[in-house]
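What follows is a set of notes on a single structure, which appears directly below.
The values are calculated or read from the model by the stated rules, or taken from the named source; none is laboratory data. Every value quoted in this text rests on a predicted model; they were computed, and no experiment measured them. Reconstructed Cβ throughout: ideal geometry from the backbone, glycine too, with neighbour counts over all protein chains shown. To get the accessible areas, we keep the full protein, side chains included, count just its heavy atoms, and leave off ligands, DNA and RNA. Shrake-Rupley method; radii C 1.70, N 1.55, O 1.52, S 1.80 Å.
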Amino acid sequence: MSSTTLVVAPEVAEALAAGGPVVALESTIISHGLPRPRNLEVARAVEQAVREEGAVPATIGVVGGVARVGLDEEALQLLATSDDVDKASVRDLGTVAALRRDAATTVAATSALAARAGIQVFATGGLGGVHREASATWDESADLVALARTPLVVVCAGVKSILDVPATLERLESLSVPVLGFRSRRFPGFYLSDSGYELDWQVDSAEQVADVVRARRELGIHRETVLVANPLPVNEQVDPALHDAVLQQALSELREGHVTGKAVTPFLLERFHERTGGESLRANIAIILANSRLAARIAVALAS
Ligand code: PSU
Ligand code: MN
């Protein structure tokens, strides 16, 4: 699989060759989603959580134009600390490779590279989706399109609460992306345990998720990602009143600042991290750790 533009770390390659459990992890959350210096600590802690559940972590990013599936400490540090790291979605991957850039990969780009390397399970925090006011701005994350064409299991805490949640759920339905609530029928709202919307399906174990994947394969339905929505426990969520106040202010600053394109999501997340007194950061870390653990258990179930 390894080439000059795609390098799979030896530990990851060995696990994949043996049919063992591997969990892909994204790097945009490290470079553009979490404040320094916690971002690097979290990147390491997430890998450790995956290992504790018996799977091999494969954090994915682009270093010097090489897409790397499984980052060593040096690469992780670079993506966490450099001021010159691009945010690469799927459409950027060929360009950042050819121009020898350093780039963090979004959910969409990480999915594409994970699938290319033969990984089946991927953990993230909150997915991208349809932005509020998208009917005027047309801002819909490329994550949604990637989910519709990449056969993985992705564990998330719903979509980021800065988004238009019902519109995103409608798009996921149109794109035939199955959404399974983990031990809940409520669609989680990222920093919030409940987005206010109900799901059609609930699963109660990692084995059930693996059974869904196997059934889809037997039925010849294997193009889309199976989304597993894993809510934060209520006692770990951000206070909904604080959340809504910060969100309203951040959205009006977004409008006034004419922030557009790939800068929108990092802008909004940064406002949260500044203004919730550490609450959004704490919740974000809890989310990514819990999702990584669950993803590892699903990878183990799929491998056995
Ligand atoms: N979830 C988080 N923090 C993040 C992201 C998700 O907890 O920073 C990133 C993911 O990489 C996701 C991206 O793919 O935000 C979405 O960006 P956009 O809305 O520009 O597509
Ligand atoms: Mn966008």
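Assorted remarks:
- At an R0 of 35 angstrom, the distance between the Cβ atoms of D83 and R223 translates into a FRET efficiency of 0.40.
- Sequence-distant residues sharing a close amide H with V153 (under 5 Å, placed H): V121, F122, V226
- A 1.4 Å probe run over the range 182-245, with the rest of the protein chains in place, finds 54 Å² accessible per residue.
- Rounded to 0.05, the FRET efficiency of the A215 and S174 pair, given R0 = 30 Å and the Cβ-Cβ distance, is 0.85.
- Cβ-Cβ distance of T137 and Q249, R₀ of 22 Å, FRET efficiency by 1/(1 + (r/R0)^6): the value works out to about 0.75.
- Solvent-accessible surface ranking, highest first, for S31, S135, S292, S176 at 1.4 angstrom: S135, S176, S31, S292
- Extension gain for the segment E198 to E52, taken as residue separation times 0.36 nm less the Cα-Cα distance, is 49.4 nm to one decimal.
- Long-range HN-HN contacts of Q202 with modeled amide H, under 5 Å: G181
- Hydrodynamic radius (Kirkwood) for the chain, which is based on Cα pairs only, to one decimal in Å: 19.0 Å
- The charge dipole of the range 150-263, taken about its Cα centre with unit charges on the Cβ of Lys, Arg, Asp and Glu (plus for the first two, minus for the last two), comes to roughly 400 debye.
- For V56, nonlocal amide neighbours, meaning residues 5 or more places apart or on other chains whose placed amide H falls under 5 Å from its own, are V22, V23.
- Across the range 60-113, the mean sequence separation of Cα contacts (distance under 8 Å, 6 or more residues apart), normalised by length, yields a relative contact order of 47 percent.
- Protection proxy ranking of 32-44, 54-66 - average other beta-carbon atoms within 10 Å, highest first: 54-66, 32-44
- Spatial offset of the range 52-71 relative to the range 260-304 amounts to 17 Å, using the alpha carbon center of each.
- Counting protein heavy atoms only, the range 154-304 has 52 percent of its accessible area on carbon and sulfur, 1.4 angstrom probe.
- With contacts taken as Cα pairs under 8 Å and at least 6 residues apart, the chain reaches a relative contact order of 20 percent.
- Set of the range 48-76 residues, backbone N closer than 20 Å to the point 7 Å along the Cα-Cβ line of A18: 48-59, 69-72
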